[in-house]
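Asks: Sharing a structure, written as structure tokens. Questions coming.
The values are calculated or read from the model by the stated rules, or taken from the named source; none is laboratory data. Please read all numbers here as calculations on a predicted model, not as lab measurements. Because the Cβ atoms are built from the backbone with ideal geometry, glycine has one as well, and the counts that use them run over all protein chains shown. Just so you know, the surface numbers come from the protein's heavy atoms only, side chains and all, with ligands and any DNA or RNA stripped out. Shrake-Rupley method; radii C 1.70, N 1.55, O 1.52, S 1.80 Å.
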Amino acid sequence: MPAATPNEPVSRAGRPEPVTVAVYAADPVLRVGVVQQLRQRPEAAVLDDADADRAHVSLVVVDNVDDDVAALLQRLRHNTATRTGLVVGTLGSGALQRVVECGVTAVLRRTEADQDRLVHLVLALAKGEGVLPGDLLGELLTHVGSLQRAALDPRGVSLSTLTTREADMLRLVSEGLDTAEIARKTSYSERTVKNVLHEVTTRLQLRNRAHAVGYALRNGLI
């Protein structure tokens, strides 16, 4: 029998013990679905809410990533006992960057969350491994590449003046979307959208959103 990895709990008999899992979901139907699938498998042991903070793995199951979800992910990030995975319906523009910044190392789309994939996600997290769908991995690598180029050329206007989130929001402004529509597209709150756009116009000393869009277009930022 292969030896357990250093991060896997091992029983006295030498067999890997189940990975303890806490499941977080605002929608009770989503939570029950995931919990029932995991409880059928010996590799995972779902903890009750009272013991959730002691879980090796925390699974957050949501439709999309909004400010409340981000706040939960940030709280879990500070719990050194657990590693966090996300099971999500849709990821809006910029949402992947946001969840990675919140400490999430594994993402699974709900449409693909069958029992085997859920268990694979749990075991990978317990071993300290990351899991991402192929298209999201490509998006993440593109973002990392942009950060690396910005670090190598900090004077480059197109790389140093706008973050990915800022560029995405200005692009939506240029398409005629208002604050509420941008919030829905990006999975941020309307307040966050307003704050981000205000930060751009203030930092670049621009008059308003229209001025910011014009500036971004002239400099090839969007």
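Asks: For the range 72-84, does any single residue satisfy the condition of being farther than 13 Å from V23 by Cβ, over 18 Å from the mean Cα position of the chain (by Cα) and open to solvent by less than 60 Å² (accessible area, probe 1.4 Å)?
Replies: Within the range 72-84, one or more residues are farther than 13 Å from V23 by Cβ, over 18 Å from the mean Cα position of the chain (by Cα) and open to solvent by less than 60 Å² (accessible area, probe 1.4 Å).
Asks: For residues that are in a helix (DSSP H, G or I) and loosely packed, with under 14 Cβ neighbours inside 10 Å, scanning just the range 116-137, find the one that is modelled with the highest pLDDT.
Replies: For the range 116-137, the residue satisfying everything is D116.
Asks: What number of residues within the range 180-200 are polar (S, T, N, Q) and surrounded by fewer than 17 Cβ atoms within 10 Å (Cβ to Cβ)?
Replies: 2
Asks: Which members of the range 165-197 meet the condition of being assigned to a loop (DSSP other than H, G, I, E, B) and hydroxyl-bearing (S, T, Y)?
Replies: S187, Y188, S189 - these are the residues of the range 165-197 that are assigned to a loop (DSSP other than H, G, I, E, B) and hydroxyl-bearing (S, T, Y).
Asks: Based on this model, can you work out whether R209 counts as more than 16 Å from G92 (Cβ to Cβ), open to solvent by 70 Å² or more (accessible area, probe 1.4 Å) and modelled with pLDDT of 75 or more?
Replies: Yes, satisfied.
Asks: How many residues does the range 198-222 contain that are in a helix (DSSP H, G or I) and polar (S, T, N, Q)?
Replies: Counting residues in the range 198-222 that are in a helix (DSSP H, G or I) and polar (S, T, N, Q) gives 2.
Asks: I need every pair where a residue in the range 197-209 that is at negative phi has its Cβ under 9 Å from the Cβ of a residue that is of a type in the set (K, R) and assigned to a loop (DSSP other than H, G, I, E, B), sequence separation at least 6 or different chains.
Replies: If the second residue must be of a type in the set (K, R) and assigned to a loop (DSSP other than H, G, I, E, B), the pairs left are T201/R207.
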